[in-house]
Amino acid sequence: MKLKGRNKVSPDFSMSSMTDIVFLLLIFFMLTANSPNALDLLLPKARGKSTNTQNVSVSIDKNLQYFVNNEKINGEYIEIELKKALEGQEKPTIILRAEQSVAIKEAVNVMDIANRNNYKVILAVRPN
């Protein structure tokens, strides 16, 4: 008498559910990754809270090169570029990222432009 089992175990393994999980994790990490610092600047240290309410980012590196939203511009035209970038904004905000070795007068120049145009300025720093 030959007995044959009714339930057969399939040796195949379906990877479709595993790939779904991998893609969901990939999308999650891409959306949650916060990388506003495209330029490699050494910011001064300070205590304080960070904020993500920015309209325009102004960066000054150690070679006194100015960047508005990671786009290199001439320092003479910074006010014009800021007006273009912030026109039509309800609460125009600038985040100022001046490298640690930059003279304070360069940062004050940007702050003066913001003051003349009623823009809010946030100074970016490294956490202590």
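Read the figures in this text as sums done on the coordinates, not as results from a lab. All values derive from a computational prediction rather than experimental measurement. For neighbour counting, all protein chains shown are included, and Cβ atoms are generated from backbone atoms with ideal geometry for every residue, glycine included.
Residue count for segment 83-95 under the criterion of being surrounded by 11 or more Cβ atoms within 10 Å (Cβ to Cβ) and over 16 Å from residue 123 (Cα atoms): the result is 5. Scanning segment 102-116 for residues that are surrounded by 12 or more Cβ atoms within 10 Å (Cβ to Cβ) and not in a helix (DSSP H, G or I) yields one hit, 102. Of all residues in segment 75-101, those being without any contact (Cβ under 8 Å) to a residue 12 or more places away in the chain and not in a helix (DSSP H, G or I) number 3. In segment 111-128, the residues that are among the polar types (S, T, N, Q) form Cβ pairs under 9 Å with partners that are loosely packed, with under 14 Cβ neighbours inside 10 Å and not in a loop (DSSP other than H, G, I, E, B), at six or more places apart or across chains, as follows: 117/83; 128/45; 128/46.
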